[in-house]
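Engineer: First, the structure itself, so that you have it in front of you.
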Amino acid sequence: MGEAMATSTHTSIKASTTLAGDTSARSGRLESLDVFRGLTIAGMILVNDPGAASYWPLDHADELMSEHPASWYAGKWWVDANGWTPTDLIFPFFLFIVGTSMVLSFAARRARGDSRLALMKHAVRRTALILLIGYAIRVLPYFDFSHMRYPGVLQRIAVVYLFASAIALWASTRGKIIWIAGLLAGYYAVVRFVAVPGCDPAAWMTQHCSLAGWLDRLLMPGHLYRRDFDPEGVLSTFPAIATTLLGTLGGEFLRGSTSLSRKLRGLTIAGVVGVAAGYAWHPWFPIYKPLWTSSYVLFTAGAACLLLAVCWWLIEMRRWRLWSRPFLWLGMNAIIVYALSTFAAKLWTMIKVANGAQKITVQGWVYDHWFAPLAQEKNASLAFALSYTALWTLVAWALYRKRIFVKV
């Protein structure tokens, strides 16, 4: 993420990433982190914009649960009623990257003489801008506020970034660890043991009878993703802050003066420990994205460390960069590409065109005429989603080639 909405003809937006004692960050940037960010943006666009039916890795686990009989889950330990699919990893990966980038950016700006208060004001401005973009996507082009969804992906990014910034700026490493432990343990305690009116206590992990769902219905009735629940709701934002704070610990580690190989080893060990800790907590507080459970936080942070370790090894150590170019383009303009792709997708599901005697959406027309005739439904849908992702990758490439980096 960057600093303010603008265009620039010079270097960076997101995190300025000078690493002490490490020559891998050329031109003041950590390329593997930019590529990791681009991978998550590509994943967001891919899973958000299918043509019709999707293969199961491109759906959320809770959506699969509602679409398939219970027998479908037999043997699929990674995607059960309280589990995950690759799609469930994308958003926490992005928040983890926000935390990592934050530490590197703040350190670079502190080295230039910026005070903590100045950086906090900067964080407040950035939060307001991301919120503005998120709500602009919601209300445009008709400005219908009556049933507008209040929470959302950009909204959560903004709020989490604000709170994590305050903690990162004033808390020591030990203080951050205490914050993470407190957020995860406290969230488990209130969700598990605070009774929801009108619900069986045994149903505390269901969306409707969770404390998170009840609180969202109380505070934002009629403005949620579902009638009775929102996966980016108020209460589950607290463990999402912990996800970002875990990313700040990763950023502190990467800023160290140890060798590239030691950093690779550290990321790998942290990844294995995080995944194992998530599954160790799973029997008592299941891994479940809609509630952003504490076990889900640990598991996804561990998985993020492992994928970052792969990017680190390929890019910073082996110097194999050709494969990563498209993801670097996306990662250097992440927020604006995501926002524009989301808004464009909204528009072409609203605009209708003639299709014989009927009118259908632009998205439906493109899918029916250009993709559906090519293959069976799931393959045609995958081709549609890949093509849409490729389109926005080309947009990112054009911006990158002209050295335009939109700062958000």
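Engineer: Please go through segment 265-285 and give me each residue that is open to solvent by less than 20 Å² (accessible area, probe 1.4 Å) and either of a type in the set (A, V, I, L, M) or over 12 Å from Phe96 (Cβ atoms) (or both), ordered by number. Don't jump to the end; show me each part of the working.
Structural biologist: Looking only at segment 265-285, we keep the residues that are open to solvent by less than 20 Å² (accessible area, probe 1.4 Å), and these are 267, 271, 274, 278, 285.
Leu267, Gly278, Phe285 - these are the residues of segment 265-285 that are open to solvent by less than 20 Å² (accessible area, probe 1.4 Å) and either of a type in the set (A, V, I, L, M) or over 12 Å from Phe96 (Cβ atoms) (or both).
Engineer: Of the residues in segment 367-408, how many are touching a residue at least 60 places away in the same chain (Cβ under 8 Å) and under 19 Å from Asp49 (Cβ atoms)?
Structural biologist: 18
Let's see how each residue does on (1) on the phi < 0 side of the Ramachandran plot; (2) open to solvent by 20 Å² or more (accessible area, probe 1.4 Å); (3) part of a loop (DSSP other than H, G, I, E, B); (4) modelled with pLDDT of 95 or more:
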| position | (1), (2), (3), (4) |
| --- | --- |
| Ala202 | yes, yes, no, no |
| His208 | yes, yes, yes, no |
| Asp228 | yes, yes, yes, no |
| Pro239 | yes, no, no, yes |
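Engineer: Which members of segment 244-264 meet the condition of being open to solvent by 10 Å² or more (accessible area, probe 1.4 Å) and touching a residue at least 40 places away in the same chain (Cβ under 8 Å)? Even if it seems obvious, please write down each step before you answer.
Structural biologist: The first filter runs over segment 244-264 and keeps only residues open to solvent by 10 Å² or more (accessible area, probe 1.4 Å), leaving 246, 249-250, 252-253, 255-262, 264.
Leu246, Leu249, Gly250, Glu252, Arg255, Gly256, Ser257, Thr258, Leu260, Ser261, Leu264 - these are the residues of segment 244-264 that are open to solvent by 10 Å² or more (accessible area, probe 1.4 Å) and touching a residue at least 40 places away in the same chain (Cβ under 8 Å).
Engineer: Return the only residue of Thr300, Thr342 being within 30 Å of Val191 (Cα to Cα), among the hydroxyl-bearing types (Ser, Thr, Tyr) and in contact (Cβ under 8 Å) with a residue 12 or more places away in the chain.
Structural biologist: Thr300
Engineer: Turning to a different aspect of this structure: Looking only at helices (runs of 4 or more DSSP H) that fall completely inside segment 303-398, which ones have 3 or more residues that are out of contact with any helix residue (DSSP H, G or I) (no Cβ under 7 Å at 6 or more places or on another chain)?
Structural biologist: Of the helices (runs of 4 or more DSSP H) lying wholly inside segment 303-398, those with at least 3 residues that are out of contact with any helix residue (DSSP H, G or I) (no Cβ under 7 Å at 6 or more places or on another chain) span 334-347, 362-366.
Engineer: Cβ-Cβ below 6 Å, separation at least six or inter-chain, first residue in segment 48-61 and of a type in the set (Gly, Ala, Ser), second part of a helix (DSSP H, G or I) and surrounded by fewer than 19 Cβ atoms within 10 Å (Cβ to Cβ): which pairs?
Structural biologist: Ala52/Glu377; Ala53/Glu377; Ala53/Lys378
Engineer: If I ask for residues that are surrounded by 15 or more Cβ atoms within 10 Å (Cβ to Cβ) and not in a helix (DSSP H, G or I), which ones from segment 157-182 would you list?
Structural biologist: Ala171
The values are calculated or read from the model by the stated rules, or taken from the named source; none is laboratory data. From a predicted model like this one, the values you see are computed outputs, not experimental measurements. Glycine also receives a Cβ, built like all others from the backbone with ideal geometry; neighbour counts cover every protein chain displayed. For the accessible areas, the whole protein counts, side chains as well, though only heavy atoms, and no ligand, DNA or RNA atoms are used. Shrake-Rupley method; radii C 1.70, N 1.55, O 1.52, S 1.80 Å.
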